[in-house]
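Values quoted throughout were computed directly from the atomic coordinates according to the rules given, and no laboratory measurement underlies them. Predicted model, so just to flag it, every value in this text is computed and none were measured. Glycine also receives a Cβ, built like all others from the backbone with ideal geometry; neighbour counts cover every protein chain displayed.
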Ligand code: SF4
């Protein structure tokens, strides 16, 4: 199974690398920004359309 841990958007926490943040750059016609959400490294990434292999 592909997991968030294999994704370039996954940033593990320093004190607990089994969890971290999914940080995605969002570009819309007026601005670009980052959004982040907490994820576990074992989260199934196969259904994620933003997955990018490290
Ligand atoms: S939720 Fe999607 S984009 Fe975010 S880290 Fe996991 S696979 Fe990557």
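Can you give the FRET efficiency for residue 14 and residue 47, using 1/(1 + (r/R0)^6), R0 = 30 Å, r = Cβ-Cβ distance, to the nearest 0.05?
Efficiency for this residue pair is about 0.60.
Can you run the Rg to Rh ratio on the chain? Use alpha carbon positions and the Kirkwood inverse-distance Rh.
My calculation puts Rg/Rh at 1.01.
Under a 10 Å cutoff between Cα atoms, tell me which one of 28, 41, 16 has the largest fluctuation in the Gaussian network model of the chain.
Of the options given, 28 has the highest mean-square fluctuation.
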